[in-house]
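Asker: To start, I am sharing the structure in question, which I have written as structure tokens.
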Amino acid sequence: MSKLRLGVNIDHVATVRNARGGDNPDPARAAILAEQAGADGITAHLREDRRHIRDEDIVALKRDLKIPLNLEMAATEEMLAIALKAKPHACCIVPEKREERTTEGGIDVIGQHNRLKPIVSALADAGIRVSMFIEPDRKQIDASRALGAPVVELHTGAYANATGEARAKILKHIHNAAEFGADIGLEVHAGHGLTFDNVKDIAAIPHVRELNIGHFLIGEAIFIGLDQSIRRMRALMDEVRQ
Ligand code: PXP
């Protein structure tokens with residue numbers, strides 16, 4: 001099986017920093033540590049309200065990182081301008097509501113085709129790899145390909161929140177969606193709500209090429225340190241891909 005890439009989302013290092021103002025802890029420092037601990041990429045979500053990552057963080061990450069930067073962003077003119085200036089390796093287009101605590105569902109690529117098309121095209125024309133953060137649904141995957149996005153990231157939040165039979169059912173949906181996406185030529189990623197306890201079943205899906213994980217890793221870092229938190233996640237992912 002191909003190696004599974006780990007993208008470490010460092011948003012919540014910025015959440016802690018912003019709780020007090022000032023510069024500590026520094027998300028760019030966390031990103032460099034993540035790189036040393038085995039992350040294949042760094043993910044950061046510049047939200048419209050700048051509740052965690054700020055514009056200057058994106059500049060610092062782009063400047064300091066050797067591994068690829070994946071900028072998560074809403075499909076707005078403001079974010080497009082920032083992305084075109086910062087030129088991250090990839091942009092993951094996410095739905096964004098001010099009142100939500102985190103990205104609660106996938107973007108509706110079918111319903112928003114006309115709004116998304118110029119943004120996806122502008123990013124792609126600038127050489128940025130575009131990913132659509134969607135529910136594990138064939139129609140949304142098809143619509144993402146029709147937009148010209150080479151990558152889909154399947155939302156694993158419902159899987160992470162479910163238990164027992166319900167979780168098994170959602171896992172099957174994710175598996176089928178990942179297979180379908182790969183079959184029609186897309187690169188498939190997954191993420192949201194993944195932890196040491198639930199990552200293996202997602203990592204075992206052979207069509208998935210990358211996981212993006214943030215909140216749990218940063219939380220676990222309080223107890224075991226960021227380096228160990230990332231190394232353990234990396235090891236769990238690698239275990240099931242052998
Ligand atoms: N992927 C995407 C597109 C996201 O929006 C998020 C949350 O910012 C994640 C992955 C990571 O989710 P979590 O922080 O729950 O691991």
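Asker: Among the candidates Phe216, Phe223, single out the residue that is of a type in the set (Phe, Trp, Tyr) and either surrounded by fewer than 16 Cβ atoms within 10 Å (Cβ to Cβ) or away from the ligand (no atom under 13 Å from the Cβ) (or both).
Answerer: Details: Phe216 fails: either surrounded by fewer than 16 Cβ atoms within 10 Å (Cβ to Cβ) or away from the ligand (no atom under 13 Å from the Cβ) (or both).
Every option except Phe223 fails the conditions.
Asker: Here is a list: Lys87, Lys97, Lys117. Which entry is in contact with an Asp or Glu (Cβ under 8 Å, 6 or more places away or on another chain) and of a type in the set (Lys, Arg)? Spell out the reasoning first.
Answerer: Values: Lys87 fails: in contact with an Asp or Glu (Cβ under 8 Å, 6 or more places away or on another chain); Lys117 fails: in contact with an Asp or Glu (Cβ under 8 Å, 6 or more places away or on another chain).
None of the other options fit; the residue is Lys97.
Asker: Continuing with this model, one more query. For Arg115, all conditions in the list (1) within 28 Å of Arg51 (Cβ to Cβ); (2) in contact (Cβ under 8 Å) with a residue 40 or more places away in the chain; (3) under 19 Å from the mean Cα position of the chain (by Cα) hold save one; what is the number of the exception?
Answerer: Checking Arg115 against (1) within 28 Å of Arg51 (Cβ to Cβ); (2) in contact (Cβ under 8 Å) with a residue 40 or more places away in the chain; (3) under 19 Å from the mean Cα position of the chain (by Cα), the one that fails is (3).
Asker: Of all residues being among the charged types (D, E, K, R) and in a helix (DSSP H, G or I) in region 1-54, which is nearest to the ligand (Cβ to nearest atom)? Just the residue, please.
Answerer: Once the filter is applied, the top-ranked residue is Asp11.
Asker: Only one of these is more than 15 Å from the ligand (Cβ to nearest atom), surrounded by 18 or more Cβ atoms within 10 Å (Cβ to Cβ) and either outside any strand (DSSP E or B) or within 18 Å of the chain's Cα centre (by Cα) (or both): Leu194, Leu171, Leu154. Name it.
Answerer: From the options Leu194, Leu171, Leu154, the qualifying one is Leu171.
Asker: Another question about this same structure. Checking Val94 against (1) under 25 Å from Val8 (Cβ atoms); (2) out of contact with any His (no Cβ under 9 Å at 6 or more places or on another chain); (3) modelled with pLDDT of 95 or more: exactly one of these is not met. Which one?
Answerer: Of the numbered conditions (1) under 25 Å from Val8 (Cβ atoms); (2) out of contact with any His (no Cβ under 9 Å at 6 or more places or on another chain); (3) modelled with pLDDT of 95 or more, the odd one out for Val94 is (2).
Asker: Of all residues being of a type in the set (Asp, Glu) and surrounded by fewer than 19 Cβ atoms within 10 Å (Cβ to Cβ) in region 60-95, which is farthest from Ala44 (Cα to Cα)? Just the residue, please.
Answerer: If we filter region 60-95 for residues that are of a type in the set (Asp, Glu), which is where we start, we get 64, 72, 77-78.
Now drop any that are not surrounded by fewer than 19 Cβ atoms within 10 Å (Cβ to Cβ), which leaves 64, 77-78.
On the way: Asp64: 14, Glu77: 18, Glu78: 16 Å.
Of everything passing the filter in region 60-95, Glu77 is farthest from Ala44 (Cα to Cα).
The values are calculated or read from the model by the stated rules, or taken from the named source; none is laboratory data. Small disclaimer: the values here were computed from a predicted structure and weren't measured. Backbone-built Cβ (ideal geometry, glycine too); neighbour counts: all protein chains shown.
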